[in-house]
1. Considering every residue within the stretch 263-284, establish whether at least one is outside any helix (DSSP H, G or I), open to solvent by 30 Å² or more (accessible area, probe 1.4 Å) and within 16 Å of ligand 2 (Cβ to nearest atom).
2. Can you name the residue in the stretch 302-330 that is open to solvent by less than 40 Å² (accessible area, probe 1.4 Å) and in contact with a Phe, Trp or Tyr (Cβ under 7 Å, 6 or more places away or on another chain) and is also farthest from ligand 3 (Cβ to nearest atom) among such residues?
3. Report those strands (runs of 3 or more DSSP E) wholly inside the stretch 5-98 carrying at least 3 residues which are under 21 Å from the mean Cα position of the chain (by Cα).
4. Cβ-Cβ distance below 6 Å, separation of 6 or more or different chains: which pairs start in the stretch 298-310 with a residue that is of a type outside the set (S, T, N, Q) and end on one that is assigned to a strand (DSSP E or B) and open to solvent by less than 20 Å² (accessible area, probe 1.4 Å)?
5. For the stretch 135-158, what are the residues that are within 16 Å of ligand 1 (Cβ to nearest atom), open to solvent by less than 60 Å² (accessible area, probe 1.4 Å) and without any contact (Cβ under 8 Å) to a residue 60 or more places away in the chain?
6. Suppose we keep only residues that are of a type outside the set (Ser, Thr, Tyr) and within 11 Å of ligand 2 (Cβ to nearest atom) within the stretch 174-206. Which one would you say is nearest to the chain's Cα centre (by Cα)?
7. Is it true that some residue in the stretch 277-284 is at pLDDT 95 or above, in contact with a strand residue (DSSP E or B) (Cβ under 9 Å, 6 or more places away or on another chain) and farther than 25 Å from ILE27 by Cβ?
8. Kindly list, by first and then second residue, each pair from a residue in the stretch 198-219 that is within 27 Å of LEU334 (Cβ to Cβ) to a residue that is modelled with pLDDT under 95 and assigned to a strand (DSSP E or B), limited to pairs with Cβ atoms under 9 Å and residues at least 6 apart or on different chains.
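The values are calculated or read from the model by the stated rules, or taken from the named source; none is laboratory data. All values derive from a computational prediction rather than experimental measurement. No Cβ is skipped: glycine too gets one built from the backbone with ideal geometry, and neighbour counts run over all protein chains shown. All accessible areas refer to the heavy atoms of the entire protein, side chains included, with ligands and DNA or RNA removed. Shrake-Rupley method; radii C 1.70, N 1.55, O 1.52, S 1.80 Å.
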Amino acid sequence: TKQVLILLYGGRSAEREVSVLSAESVIFAINYAKFVVHTFFITQAGDFIKTQSFTETPQVGTKLMTNATSGASDFVSPASIYEKDAVVFPILHGPMGEDGSIQGFLEILRMPYVGPSITSASVTMDKIMAKHVFESVHVPQVPYVALTDLSEIEQKIAEVNDKLSYPVFVKPANMGSSVGISKAETAADLPSAIDEAIKFDNRILIEQGVNAREIEVAILGNSDVSSTLPGEVVKDVAFYDYQSKYIDNQITMAIPAEIPDETIAKMREFAEIAYRAVAGTGLSRCDFFMTPDNQLYLNEINAIPGFTQFSMYPLLWENMGLTYGDLIEKLVVLAVAAFDSRE
Ligand code: ADP
Ligand code: MG
Ligand code: MG
């Protein structure tokens, strides 16, 4: 009998388009000798729609259905995704997908799922919480100021001006894909950057800006963790915002990244330490800054990284000899193992 895989895609976060592309990549790459795939689209409002089922590789050009192509009459109860012995792959990013909420729901349903546990999802989704955890295991990070009480904006601005130097990056704690993030070049820009971030979250992170290369390591595993050689995000824009990341395609990747062996070794070690510290499960992409003098800073861990066939995470594994299709199978095995250890 074939393994049933349930793909959840779309979702409530600003990153829903990436999610759809990742899910489409999976339906084309998966081995239908072993799998049957059922897909559910989650609308921006959070409603579930049962979309397609696949028992063989779809025809070239097949698209997964999205809100625009499916009406409200198709809404189903979220719990209706349940199927005995099925594994769920929530290819969802950002809030209500990558933050522990869907993971908690799947645990209530007692279904195995690919990727981060409740804890690893929620800790890595909150950039301030993640900073505290990384600090506790001595993984280097850029200096920062956390604003968690909006009545303290004035004091925190003073603290930024005292502790950090410009430019600084202002980020909502709980977003992804650069949504709500802005760069304040001078102290005069800081209040409006904070106002922008506050639209998305009332926990705000203000970070020292660094002039650095952006180097990423892929991690795979539950308690047994393995990492890849790093890849580099080569930018021709000052800062890798949502538009440049996904719309303009102004990003190219260098895999493997050209950096000294000892820096690679250090980076992989930091990535594994950080992954364990946030209770990493399944997969994660650990994103570093590397300064011209080879100083490393962990920027963030993305617990459900972009997962299209052309995304950094799968390509880093391909460079290690693990194909995209085999990677999906490994993730399913890890999902079942994590489930068995919870049950
Ligand atoms: P997201 O979770 O939205 O990807 P990041 O924290 O990775 O948020 O920030 C998005 C991008 O902004 C980074 O990839 C980088 O290009 C830029 N950036 C963020 N923080 C800094 C910083 N402290 N110094 C320099 N660039 C930064
Ligand atoms: Mg992120
Ligand atoms: Mg990032």
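1. So far as the stretch 263-284 goes, no, none of its residues is outside any helix (DSSP H, G or I), open to solvent by 30 Å² or more (accessible area, probe 1.4 Å) and within 16 Å of ligand 2 (Cβ to nearest atom).
2. LEU327
3. 35-42, 87-90
4. LEU298/PHE288; GLU300/ASP287; ILE301/SER284; ILE301/CYS286; ALA303/SER284
5. LEU147 - this is the single residue of the stretch 135-158 that is within 16 Å of ligand 1 (Cβ to nearest atom), open to solvent by less than 60 Å² (accessible area, probe 1.4 Å) and without any contact (Cβ under 8 Å) to a residue 60 or more places away in the chain.
6. Going through the qualifying residues, I end up with GLY176.
7. Looking through the stretch 277-284, at least one residue is at pLDDT 95 or above, in contact with a strand residue (DSSP E or B) (Cβ under 9 Å, 6 or more places away or on another chain) and farther than 25 Å from ILE27 by Cβ.
8. Filtered contacts from the stretch 198-219: GLU214/VAL233; GLU214/VAL234; GLU214/LYS235; ILE215/VAL233; GLU216/VAL233; GLU216/MET253.
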